[in-house]
Amino acid sequence: MFLKDKSGSVTKKQDKITQPELAADLEEAGFFIRALQRAALDGVAKGDMNGISRIIKAYVFVGSNSEVAIPLRSRKNRFIALCALACEKAIAAGLEENAINVVWEDYSKLCEECGKAENVNALTIKLLLDLTGRVKKSLDKSLSASAEKVKAYVSLHLCERISVAEIAENLGMNASYLNSSFKRQTGNCITDYIQMQKIEEAKMMLTSSEDPLCDIWTGLGYYDQSHFSKIFKRHTGLTPKQYRVTNLKQDIGK
């Protein structure tokens, strides 16, 4: 650090940080950067745009300051290694290998064209956002397809007792993952969706037929009337009998 003395000449101020302390700080910074890289690769694999954004902010405001002494060539080598690992994560997440190979080639070429450290840093950010966005789009498409398959299965088996495990097995998916992804797509877990669909069917049957209540709740796969009535009232605010009477009166009054 340089300061001006009273005469106006520039003098060097003695640093208070010792060499061993500086070495320890640099080593700690290295651990920090490696931890960020691991987190970034995990974010790419999950298509986690919010997570990647947080990692980028952490690097920009903290990590980059610890790398001022790293030569440009070393930065480029590290970028190429990170790019290769990130591309592997993207392929493992389901992206088409040939397309990702093109991404690898394009970014490797752009890296070699970088003339400053700042350019490599900016390219790293672009790479992470690009690959994470591609994975997220692919995962969202996959989740949407699985959600539609769940809805189709429920529609076909509405008059049966349906479980999440049964649906997952039929679709060849993990039950917990399927349930969480379905909720992410629709806002409801699978069990709640099944109940809502059964109640909608019950409402239609109550107002369009004279079938006894016992035929309706048994026909929808409920094991007893009290359980059916409790769920029906939770969704409609009325018991099945009240719902039928109320809607019949409305129809008569039309």
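The values are calculated or read from the model by the stated rules, or taken from the named source; none is laboratory data. Keep in mind it's a predicted model, so treat the numbers as computed, not measured. Cβ placement follows ideal geometry from the backbone for every residue including glycine, while neighbour counts extend to all protein chains displayed.
Might you check whether a residue that is crowded, with 16+ Cβ neighbours inside 10 Å and modelled with pLDDT of 95 or more occurs anywhere in the stretch 172-191? Checked against the condition, which is being crowded, with 16+ Cβ neighbours inside 10 Å and modelled with pLDDT of 95 or more, the stretch 172-191 yields at least one hit. When the test is whether a residue is assigned to a helix (DSSP H, G or I), surrounded by 10 or more Cβ atoms within 10 Å (Cβ to Cβ), touching a Gly at 6+ places or on another chain (Cβ under 8 Å) and at pLDDT 90 or above, residue 33 does not pass it. The single condition from (1) assigned to a helix (DSSP H, G or I); (2) exposed (fewer than 14 other Cβ atoms within 10 Å of the Cβ) that residue 146 fails is (2).
Would you check if residue 207 is among the hydroxyl-bearing types (Ser, Thr, Tyr), more than 39 Å from the chain's Cα centre (by Cα), surrounded by 14 or more Cβ atoms within 10 Å (Cβ to Cβ) and more than 19 Å from residue 155 (Cα to Cα)? Spelling it out, residue 207 is indeed among the hydroxyl-bearing types (Ser, Thr, Tyr), more than 39 Å from the chain's Cα centre (by Cα), surrounded by 14 or more Cβ atoms within 10 Å (Cβ to Cβ) and more than 19 Å from residue 155 (Cα to Cα). One residue is enough: does the stretch 114-121 have a residue meeting the conditions under 15 Å from residue 87 (Cα atoms), of a type outside the set (Lys, Arg), assigned by TED's automatic domain parsing to the domain that holds residue 51 and buried (at least 17 other Cβ atoms within 10 Å of the Cβ)? The answer is no, given that none of the residues of the stretch 114-121 is under 15 Å from residue 87 (Cα atoms), of a type outside the set (Lys, Arg), assigned by TED's automatic domain parsing to the domain that holds residue 51 and buried (at least 17 other Cβ atoms within 10 Å of the Cβ). Every listed requirement among (1) modelled with pLDDT of 90 or more; (2) assigned to a loop (DSSP other than H, G, I, E, B); (3) not acidic (Asp, Glu) is met by residue 229 save one, (2). Do we find a residue being of a type outside the set (Ser, Thr, Tyr) and within 24 Å of the chain's Cα centre (by Cα) anywhere in the stretch 154-161? Checked the stretch 154-161: no residue is of a type outside the set (Ser, Thr, Tyr) and within 24 Å of the chain's Cα centre (by Cα). Could you tell me whether residue 70 is part of a loop (DSSP other than H, G, I, E, B) and at pLDDT 55 or above? Yes: the conditions hold for residue 70.
Exactly one residue among 196, 205 is at pLDDT 90 or above, outside the structural domain of residue 156 (by TED's automatic domain parsing), part of a helix (DSSP H, G or I) and over 19 Å from residue 148 (Cα atoms), and that residue is 205. Read through the list (1) over 30 Å from residue 48 (Cβ atoms); (2) of a type outside the set (Lys, Arg); (3) under 26 Å from the mean Cα position of the chain (by Cα), then give the number of the only condition that residue 243 fails. Here residue 243 clears every test but (3). When you look at residue 74, is it over 20 Å from residue 42 (Cβ atoms) and touching a residue at least 12 places away in the same chain (Cβ under 8 Å), yes or no? For residue 74, the condition - over 20 Å from residue 42 (Cβ atoms) and touching a residue at least 12 places away in the same chain (Cβ under 8 Å) - is not met. Select, from 89, 76, the only residue that is under 30 Å from residue 181 (Cβ atoms), among the basic types (Lys, Arg), in contact with a helix residue (DSSP H, G or I) (Cβ under 6 Å, 6 or more places away or on another chain) and assigned to a helix (DSSP H, G or I). That would be 89, the only listed residue that is under 30 Å from residue 181 (Cβ atoms), among the basic types (Lys, Arg), in contact with a helix residue (DSSP H, G or I) (Cβ under 6 Å, 6 or more places away or on another chain) and assigned to a helix (DSSP H, G or I).
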